[in-house]
Structure formats: structure tokens, C-alpha cells
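Engineer: Here it is, the structure in full.
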Amino acid sequence: MATTSPGYGITIRVEGRPEFQPVAEITTIISREGATITALDVADSQLENVVIDVTCNAIDAEHAEKITAALSASPILTVRKVSDRTFLLHLGGKLEVQSKVPLKTRDDLSRAYTPGVARICQAIAKDPADARRLTIKRNTVAVVTDGSAVLGLGNLGPAAALPVMEGKAALFKRFADVDAWPVCLDTQDVDEIVRTVQLIAPVYGGINLEDISAPRCFEIEARLRELLDIPVFHDDQHGTAVVVLAALRNALKLVKKDLSKTTIVLSGAGAAGTAIARLLVLAGAKNIIGFDSNGVINKKSSAQNDMRKWFVENCNPHQFDGTLSEALKGADVFIGVSAPNVVSESDVESMAKDSIVFALANPDPEIDPVLARKHAAVVATGRSDQPNQINNVLAFPGIFRGLLDAGASKITDELLVACADAIASCVSEQQLNASFIVPSVFDPNVVKAVADAVKRCC
């Protein structure tokens with residue numbers, strides 16, 4: 001899907017002689033190459049020379065190089081410098097630590113540090129519960145990863161996962177005023193991860209697991225939930241599931257279908273897919289047909305772990321045993337959390353009237369949404385450049401805001417359903433349409449609605 005993105009934004013400094021109209025030449029070339037110009041500034045203008053900074057969005061890194069090469073090939077232009085705007089944004093990282101209290105005088109130091117801080121230590125030693133009241137624990141979340149499943153990029157390791165965890169922490173702060181910190185562990189051993197998180201847990205009010213590969217993520221989450229007295233949340237599973245359920249609630253309302261009577265085809269049975277299926281079943285879904293890389297999941301499928309065993313026992317009640325294309329014939333809903341281009345236009349065309357397609361693979365979905373919209377009543381993706389983005393940021397900030405405010409220790413499936421309903425409710429009857437089934441991530445009502453739902457369940 002050839003769509004330009006700010007994620008591949010570049011700024012190119014170009015020189016040319018004024019009499020040759022370099023601005024016109026630049027815009028012509030960039031438009032011809034299929035990029036989107038977002039800014040064009042004259043950095044310097046002299047009698048014999050003009051310097052122009054042109055900012056544009058490309059499709060990918062290769063496309064950005066092609067644009068630069070095309071400008072360089074012009075006989076009247078000279079490319080001086082190319083800056084990748086995404087790399088510039090990440091220089092030095094995206095987080096910093098700031099003190100909440102003034103440290104300007106001896107008096108300040110005496111209370112914030114020694115000797116005054118000793119009184120706080122003694123109070124917590126006497127009553128450990130006071131740590132929530134008197135330290136950063138009351139508003140701090142650890143964003144924990146081992147780098148084994150970074151975005152859709154695979155096992156990149158902890159250092160390469162850090163930019164994602166930084167971004168996650170920044171989103172926590174921006175949307176819910178939660179102080180989060182990346183914790184990237186240099187191990188992929190389940191026992192070591194569990195023990196390490198257990199050891200650092202006293203600092204935090206919650207643990208957000210991120211980008212840990214399945215099935216290890218299931219065991220890690222389950223064991224930590226047993227060991228810790230603070231909530232443990234695996235966003236790749238539950239955050240995705242919450243937003244999918246919210247979006248599906250509104251999409252079904254739009255097409256006037258009942259969740260319990262719909263046939264749902266689910267492509268992808270990893271962490272996200274399994275969590276989606278579990279939450280949909282809890283919400284009332286009766287017929288989910290799941291597929292993984294080996295094909296359809298039914299009673300014949302091996303149950304390698306508890307999550308897969310649950311899938312085998314609770315989905316595909318009629319024991320469908322065909323291909324993904326065959327399953328989509330007459331189906332009401334398709335949900336994809338798998339791989340690009342696994343669904344064809346004819347597959348969507350074969351679905352039931354007023355069908356719903358959630359093609360959530362990133363960056364390239366299971367089917368081009370433009371093709372899907374020819375036949376489906378509602379289409380959603382995981383992309384920010386398409387309507388109906390199924391974005392976890394609608395869920396996790398509000399969930400943790402509510403958990404921290406409530407001083408909660410556990411997360412239940414019922415709580416997650418309540419959060420999904422809260423997100424869905426942020427789209428009014430007047431707003432609901434085929435291109436708007438979930439609220440904007442910038443809607444200030446979302447975090448409050450989700451946090452309130454959490455607190456009611458705690």
C-alpha cells in the first residue's frame with residue numbers, strides 16, 4: 001500500500017540560481033516522485049544563489065533515497081544535506097527526569113534528602129503500604145520488554161527495543177500523566193525475566209509487559225500476576241483486545257448485527273489474537289474461527305500451551321476445517337492480527353452483507369483497505385493514515401490511570417470488557433459512522449472514561 005507517512009519524513013536542503021526558478025523545479029520533481037510536500041522554506045536568498053529547505057513525507061526509506069537522487073540529478077539544483085526527521089526526533093532519546101520539588105536552598109535539601117528523608121524511610125519500614133503514598137510508586141509504571149517481538153520487526157533484542165519503550169513511556173505521560181520508564185532486559189529466559197521483574201517491582205505501581213514473543217509472554221504474565229501485589233498488564237494482548245472489542249461494538253451497532261449471532265474469522269492466534277478471542281467470547285461471541293500460520297484451529301490442532309488449549313476448546317464450535325478464503329464466505333467479521341496480504345478482494349466480496357473488516361497487521365495490513373472498502377460496510381486498520389485506527393493508546397493510559405488511582409493489585413477480564421465499553425461509549429450516536437467507530441486518541445474524554453470504568457471494577 002503505497003502511502004506516504006510522517007514516519008519517513010525528510011528535510012532536504014537544496015541550492016539553485018534564482019533565475020532558474022528552483023522552487024518550481026523542486027516541487028515538480030518531488031510531486032513526480034509521489035512524495036507529499038509538507039513545508040518549503042527559503043533558508044537563504046542571495047543575488048546569485050537561493051537555499052531552500054523542503055520537507056516531505058516518503059513511502060519508505062528507499063523512496064526517500066529515490067527522491068533525493070531525483071533532485072540531485074537536476075542540472076539546476078544542488079543537494080547540500082538530507083535530514084531524516086524521525087532520526088532527528090530520537091536523538092538523545094525521548095525521555096528525561098525532572099524533580100517535582102524545588103532544590104534551591106539548604107532547607108529544601110534538608111527535607112528532600114538528608115536528614116529529613118530518613119523520617120520517610122522509617123515510616124515506610126513501619127508500614128510498607130505507605131510507599132504508594134510517599135514515593136513515586138503511586139504513579140509509576142515499568143514498561144518491560146526482552147526485545148523478542150518488537151513491533152512487527154521480530155526479535156531485535158533489548159537495545160533495539162528501547163526506542164519503542166521510550167515512546168510507550170512518553171504516551172503514558174502525554175495521555176494519562178502516568179510516569180513510566182523503559183526496562184529492557186538482556187535475557188529471554190522466562191525464569192530470569194520473572195525473577196528480575198519481581199526484584200524491581202517495589203519501585204512501581206504497575207507493570208506493562210511489551211513486545212515479548214508468544215507463547216512465553218503468556219507464562220511470564222501469569223507468573224508475575226501470581227507473585228506481585230501490583231497489576232501486570234501485557235499490552236500486546238489486552239490493550240489490543242480492548243480496543244478491538246470497543247471498535248467491534250460500534251461497528252456492529254452501525255450494521256445492526258448482534259455479536260452473539262455473528263461469524264467471526266480471526267487471522268493470527270498469537271498473543272494479540274488469543275487475547276482478542278478470549279475477550280470477544282467473554283463479551284458474547286459464539287462463533288470464532290481462528291487461523292494461524294499452520295491453518296485453521298480446531299479439535300485436530302495440537303494444544304502446545306494453556307492459551308492454545310483454550311482456543312481449541314472455546315472457538316470454532318462447528319469444527320470448520322477449510323482454508324481462510326473458504327471460512328470468509330458468508331462471514332460477518334474478519335479480524336486480522338497476522339501478516340500482509342493474506343486476504344484478497346474476492347475474499348471480502350464473498351463475506352456476508354454489511355461485513356466488517358479489521359485488517360490490523362502493521363505496517364502493511366492483511367488487505368489493502370481501499371480494496372476492502374469496495375465490499376465491506378466498515379473497515380479498520382492499525383495505521384494512523386487510515387480512518388478507524390485500532391490503536392492501543394486508546395486503552396492502556398486510561399487503564400493504568402484507573403489502576404494507579406484505585407491502588408489496584410489485579411486485572412480481571414471483566415475489567416477489560418468494561419474498558420472496551422467505555423471506549424465505545426466515547427463515540428456518540430451522532431458521531432458514529434463507517435469512518436468513525438472509535439474515538440480519536442486525542443479525545444480527552446477517553447482516558448477519563450476508561451479510568452472511571454477501571455475504578456468501578458476495582
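Engineer: Mind telling me which of the residues 282, 248 ends up being out of contact with any strand residue (DSSP E or B) (no Cβ under 6 Å at 6 or more places or on another chain), buried (at least 23 other Cβ atoms within 10 Å of the Cβ), assigned by TED's automatic domain parsing to the domain that holds residue 435 and part of a helix (DSSP H, G or I)?
Structural biologist: 248 is the lone residue from the list that is out of contact with any strand residue (DSSP E or B) (no Cβ under 6 Å at 6 or more places or on another chain), buried (at least 23 other Cβ atoms within 10 Å of the Cβ), assigned by TED's automatic domain parsing to the domain that holds residue 435 and part of a helix (DSSP H, G or I).
Engineer: Of the residues that make up the stretch 209-229, is at least one in contact with a strand residue (DSSP E or B) (Cβ under 8 Å, 6 or more places away or on another chain), within 26 Å of residue 138 (Cα to Cα), basic (Lys, Arg) and assigned by TED's automatic domain parsing to the domain that holds residue 183?
Structural biologist: Within the stretch 209-229, one or more residues are in contact with a strand residue (DSSP E or B) (Cβ under 8 Å, 6 or more places away or on another chain), within 26 Å of residue 138 (Cα to Cα), basic (Lys, Arg) and assigned by TED's automatic domain parsing to the domain that holds residue 183.
Engineer: While we're on this one: Looking at the stretch 375-387, which of its residues are surrounded by fewer than 23 Cβ atoms within 10 Å (Cβ to Cβ) and either outside any loop (DSSP other than H, G, I, E, B) or at pLDDT 95 or above (or both)?
Structural biologist: The answer is 375, 377.
Engineer: Restricting to the stretch 17-35, count the residues that are touching a residue at least 24 places away in the same chain (Cβ under 8 Å), of a type in the set (Gly, Ala, Ser) and either out of contact with any strand residue (DSSP E or B) (no Cβ under 6 Å at 6 or more places or on another chain) or surrounded by fewer than 18 Cβ atoms within 10 Å (Cβ to Cβ) (or both).
Structural biologist: Within the stretch 17-35, residues that are touching a residue at least 24 places away in the same chain (Cβ under 8 Å), of a type in the set (Gly, Ala, Ser) and either out of contact with any strand residue (DSSP E or B) (no Cβ under 6 Å at 6 or more places or on another chain) or surrounded by fewer than 18 Cβ atoms within 10 Å (Cβ to Cβ) (or both) number 1.
Engineer: Please go through the stretch 65-75 and pick out each residue that is closer than 19 Å to residue 17 by Cβ and surrounded by fewer than 13 Cβ atoms within 10 Å (Cβ to Cβ).
Structural biologist: Of everything in the stretch 65-75, those that are closer than 19 Å to residue 17 by Cβ and surrounded by fewer than 13 Cβ atoms within 10 Å (Cβ to Cβ) turn out to be 73, 75.
Engineer: For the stretch 305-330: of the residues being in a loop (DSSP other than H, G, I, E, B) and within 27 Å of the chain's Cα centre (by Cα), which is nearest to residue 356 (Cα to Cα)?
Structural biologist: Restricting to residues being in a loop (DSSP other than H, G, I, E, B) and within 27 Å of the chain's Cα centre (by Cα), the top hit is 315.
Engineer: Considering only residues of the stretch 295-336 that are in contact (Cβ under 8 Å) with a residue 24 or more places away in the chain and on the phi > 0 side of the Ramachandran plot, which is surrounded by the most Cβ atoms within 10 Å (Cβ to Cβ)?
Structural biologist: Residue satisfying both the conditions and the ranking: 316.
Engineer: Given the structure, is residue 407 farther than 30 Å from residue 370 by Cβ, buried (at least 23 other Cβ atoms within 10 Å of the Cβ) and not β-branched (Val, Ile, Thr)? I'd like the intermediate steps shown before the answer.
Structural biologist: Working: farther than 30 Å from residue 370 by Cβ: yes; buried (at least 23 other Cβ atoms within 10 Å of the Cβ): no; not β-branched (Val, Ile, Thr): yes.
No.
Engineer: Still on this structure, I have one more. Within the stretch 158-199, which residues are surrounded by fewer than 14 Cβ atoms within 10 Å (Cβ to Cβ) and either closer than 14 Å to residue 137 by Cα or in contact with a strand residue (DSSP E or B) (Cβ under 6 Å, 6 or more places away or on another chain) (or both)?
Structural biologist: 177
Engineer: Could you list all residues from the stretch 337-361 that are assigned to a helix (DSSP H, G or I) and surrounded by 17 or more Cβ atoms within 10 Å (Cβ to Cβ)? Full working, then the answer.
Structural biologist: Taking the stretch 337-361 and keeping what is assigned to a helix (DSSP H, G or I), we get 345-349.
Result: 347, 348.
Engineer: Just give me the residues in the stretch 120-135 being in contact with a Leu (Cβ under 6 Å, 6 or more places away or on another chain) and of a type in the set (Gly, Ala, Ser), in sequence order. So that I can check it myself, show each step before the final result.
Structural biologist: Kept after step one, since they are in contact with a Leu (Cβ under 6 Å, 6 or more places away or on another chain), are these residues of the stretch 120-135: 120.
If the condition is that a residue be in contact with a Leu (Cβ under 6 Å, 6 or more places away or on another chain) and of a type in the set (Gly, Ala, Ser), then no residue fits.
Engineer: Further, regarding this structure: May I ask you to say which residue of 60, 41 is at pLDDT below 95 and either buried (at least 17 other Cβ atoms within 10 Å of the Cβ) or touching an Asp or Glu at 6+ places or on another chain (Cβ under 6 Å) (or both)?
Structural biologist: Details: 60 fails: either buried (at least 17 other Cβ atoms within 10 Å of the Cβ) or touching an Asp or Glu at 6+ places or on another chain (Cβ under 6 Å) (or both).
Step by step, each of 60, 41 is checked, and only 41 is at pLDDT below 95 and either buried (at least 17 other Cβ atoms within 10 Å of the Cβ) or touching an Asp or Glu at 6+ places or on another chain (Cβ under 6 Å) (or both).
Engineer: Is the stretch 442-453 home to any residue that is over 26 Å from residue 136 (Cβ atoms), part of a helix (DSSP H, G or I) and in contact with a Leu (Cβ under 6 Å, 6 or more places away or on another chain)?
Structural biologist: No, the stretch 442-453 has no match at all.
Engineer: Restricting attention to the stretch 287-303, does a residue exist that is among the acidic types (Asp, Glu) and part of a strand (DSSP E or B)?
Structural biologist: Within the stretch 287-303 (the criterion being among the acidic types (Asp, Glu) and part of a strand (DSSP E or B)), the answer is yes, since at least one residue qualifies.
The values are calculated or read from the model by the stated rules, or taken from the named source; none is laboratory data. Source: prediction; values computed, not measured. Cβ coordinates were reconstructed from backbone atoms using ideal geometry, including for glycine residues, and neighbour counts include every protein chain displayed.
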